[in-house]
Structures are given as structure tokens and as C-alpha cells.
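Engineer: Please see the structure below; I have some questions.
The values are calculated or read from the model by the stated rules, or taken from the named source; none is laboratory data. As the structure is a prediction and not an experimental result, all values here were calculated from the model. Note: ideal-geometry Cβ built from the backbone for every residue, glycine included; neighbour counts use all protein chains shown. Please note that ligands, DNA and RNA were not included when accessible areas were found on the heavy atoms of the full protein model with its side chains. Shrake-Rupley method; radii C 1.70, N 1.55, O 1.52, S 1.80 Å.
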Amino acid sequence: ASESSWSYTDSAESWNMIPNSKCGDKRQSPINIPWELEYSNYSPFEFTGYDDMQAYGLRVENNGHTAQINIDPSSIGHTKVSGGGLAGTYIAIQLHFHWGRNDLEGSEHTFRGHHHALELHVVHFKESYGTVSEAVKHDDGLAVLGFFFTTNDAEENENLKPLIDSLDTITFQGQNKSIDINFSDLMPTSTTHFYRYRGSLTTPTCDEVVVWTIFDHVNTISSAQIKKFRELYEGKANEVRHHIAWNYRPTQSLLHRTVYKNYQ
Ligand code: SG7
Ligand code: ZN
């Protein structure tokens, strides 16, 4: 498989065969967040611009692997995060989702052995590296913020409505559409409790360049809303059609790493 043609139905071994793949290395993501964690006294997160993104040219796209909301390159730099134990400021570039074949799976990270139905990733690069392409050459180049969603007893999440409604217009790979939403609409209001470890991108080539934060607060989404993600297609309209029925990587071994929590 080439870098562009990998899929979630491939075996782990086939991701390892991709040229320059790090997918078989020793600091991979996602992981299970275990019961036993080490306390670290991180400062609170400080978010700038996540609730005021109307002018940032947001577009939602089907990239064949996920539904992703990209910030227009001309607006990158206005939406950033610091604190939370991060060494420096990280600039947001996009967010995307991971889901499962049913509501009992879907999240990439598991929490004490359990999946949630959906996981949101907000991807950032370290401001001091200047560009994403430079940042991915460094082991602290990216900061991905991960947020869980559950369908348990959940009503429709009104904040997700603009995104869910847009999915009908990006059915096929490569389709994209402008969207009026704020990243803060998709993030929980409470970001006080979180987990931290060092890992990788969860897709090929699985580069070990990510400072991971997984937030403890679980957001809600209805089952009907999640179903709309499963109706997206991996391919273009004129290709053989398979739904993106699921798009989470299995958890990887923690090996010599520590997972931290910011509360006691
Ligand atoms: C998704 O996950 C996409 C990728 C992303 C990858 O397939 O969102 O982004 C682009 C630009 O296609 O890769 C470098 C990057 O953000 C892995 O991201 S993740 O580790 O947060 N799941
Ligand atoms: Zn992701």
C-alpha cells in the first residue's frame, strides 16, 4: 500500500510496510488510558480564538478517512492553545473525528479499557517551528487535543447540528463545503481534567511527533447523529464505493511510557 491508499481494514502489518512508516515503532498512538496514572501539576489550558472563527474560512471535507474541518491557511495563527503543561504555544490547523461500526466502539483512545462512541481530535503545531511541515520533524511538533463523545441517554447535540447537516454534501472523498461553526462548539465547556502522554499520529506514517492530551469530560451526541458519519464514503463518486463504516486504530502498547493526570 502507498501512503495515500492505506485503509482501516488493512492489518497492522500492512501499515508497517508503507515506505518510511513508523507504525511499528515504540511510542505509538492511540493507547488505553489505564487506572494507574502519575500526577503532574500542570497549569490550566488557555484557549484563544476557538469561539470566534466565522472569518477563518472554515471548510469541512471528506478526505477519504474522516470528516475534517480545516482552517483556511490565510487564517492560521488566530486560534491557539497554551498552558496545560504544553511547552509553548500551539496553533490549531484542523479538527476531525474517529467513529465505529456501532456505538460500543469508535474512539481511538480507550479509558480504563472502554471505548467511547466518538473521538474528536483538534490538531495543532508548535508555533516556534513556524510551519506544520517543519513541526512534524520534531517529537513535540504537534499537540492533538482529544475529546470523547458518548451516546448514552443522549439527545441530539444542538452544537453539532451545522456539522452533521453538512455531511450530506461531502458524501464522497475530496468533497468540501464552507461551514459556519466554532471549534469551541465541538469541545466541552470544561477542560479542567485531562491526561497526557507522548505518542504518534494514529494514521500512516504514524510519526512519533505528538504531545497527546485526552480530556476527562465526556461530551454527548445522539445515535442518529453518529450514523451520519458512517454514511460517508472512502472513495470518489465514480469509484467503487465503500462507506467509512469505522476509522479508529486499535490501541498500541504503552511500553516504557508514563501517562499523567493533572488532578489528584
Ligand atoms: C486524519 O488523521 C487526518 C490527517 C491527520 C491524521 O487522517 O485528519 O490530517 C490530514 C491533514 O489529512 O494527520 C498530520 C495529521 O494531522 C492523523 O491525525 S491524528 O493522529 O490526530 N489522528
Ligand atoms: Zn485523529
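Engineer: Kirkwood Rh, Cα Rg: Rg to Rh for the stretch 215-264?
Structural biologist: Dividing the radius of gyration by the Kirkwood radius yields 1.16.
Engineer: What accessible area per residue comes out for the chain, rounded to a whole number of Å², with a 1.4 Å probe?
Structural biologist: Heavy-atom accessible area per residue stands at 46 Å².
Engineer: Next up: When the helices in the chain are scored as -39500 (n - 2.57) per DSSP H run of 4 or longer and the sum is shared across all residues, what 222 nm value do you end up with, to the nearest 500 deg cm²/dmol?
Structural biologist: Working: 5 runs with 27 residues, N = 264.
Per the formula, -2000 deg cm²/dmol.
Engineer: Packing-wise, with mean Cβ within 10 Å as the measure, how do 11-21, 170-180 rank, highest first?
Structural biologist: The peptides rank, most packed first, as 170-180, 11-21.
Engineer: Further question on the same structure: For the stretch 156-261, take the alpha-carbon Rg, divide it by the Kirkwood Rh, and send me Rg/Rh. Present the calculation step by step, with values, prior to reporting the outcome.
Structural biologist: On the way: Rg = 16.8 Å, Rh = 16.6 Å.
Computed over Cα atoms, the ratio is 1.01.
Engineer: Can you sort R112, R230 by 1.4 Å-probe accessible area, starting with the largest?
Structural biologist: Descending accessible area places them as R112, R230.
Engineer: Classify the stretch 1-145 as rounded, prolate or oblate, taking a ≥ b ≥ c as the square roots of the eigenvalues of its Cα gyration tensor: rounded when a/c is under 1.5, otherwise prolate if a/b is larger than b/c and oblate if not.
Structural biologist: rounded
Engineer: Using 24 Å as the Cα-Cα cut-off, could you pick out the over-long pairs in K22/K177; K126/K261; K161/K227?
Structural biologist: From the list (K22/K177; K126/K261; K161/K227), the Cα-Cα distance tops 24 Å for K22/K177.
Engineer: Next question. What is the ratio of the Cα radius of gyration of the stretch 1-56 to 2.2 N^0.38 Å, with N the residue count, to two decimals?
Structural biologist: Dividing the Cα radius of gyration by 2.2 N^0.38 Å gives 1.83.
Engineer: log₁₀ I(q)/I(0) of the chain at q = 0.12 Å⁻¹, via Debye over equal Cα point scatterers, no solvent, to two decimals?
Structural biologist: Ignoring solvent entirely, the Cα scatterers give -0.70.
Engineer: Could you work out the percent of alpha carbon pairs in the stretch 125-173 separated by over 15 Å, rounded to a whole number?
Structural biologist: Considering the stretch 125-173, 67 percent of its Cα-Cα pairs are separated by more than 15 Å.
Engineer: Separate question: Give the carbon-plus-sulfur fraction of the accessible surface of the chain in %, rounded to a whole number; probe 1.4 Å, heavy atoms of protein chains only.
Structural biologist: Roughly 47 percent, rounded to a whole number.
Engineer: Another one. What FRET efficiency do you get for D25 and H217 if R0 is 41 Å and r is their Cβ-Cβ distance, rounded to the nearest 0.05?
Structural biologist: Efficiency for this residue pair is about 0.85.
Engineer: Another one. Comparing E234, E208, E46, which has the greatest mean-square fluctuation in the GNM of the chain with Cα pairs linked when under 10 Å apart?
Structural biologist: Ranking E234, E208, E46 by mean-square fluctuation puts E46 first.
Engineer: How charged is the neighbourhood of T258? Take every other residue with its Cβ under 13 Å from the Cβ of T258, and add Lys/Arg as +1 and Asp/Glu as -1. Spell out each step's value before the answer.
Structural biologist: Values: positive: R27, R196, R198, R257, K261; negative: E36, E38.
Spelling it out: positives minus negatives among the neighbours equals +3.
Engineer: Something else: Given the peptides 28-35, 188-195, arrange them by the average over their residues of other C-beta atoms within 10 Å, most packed first.
Structural biologist: Packing order, densest peptide first, comes out as 28-35, 188-195.
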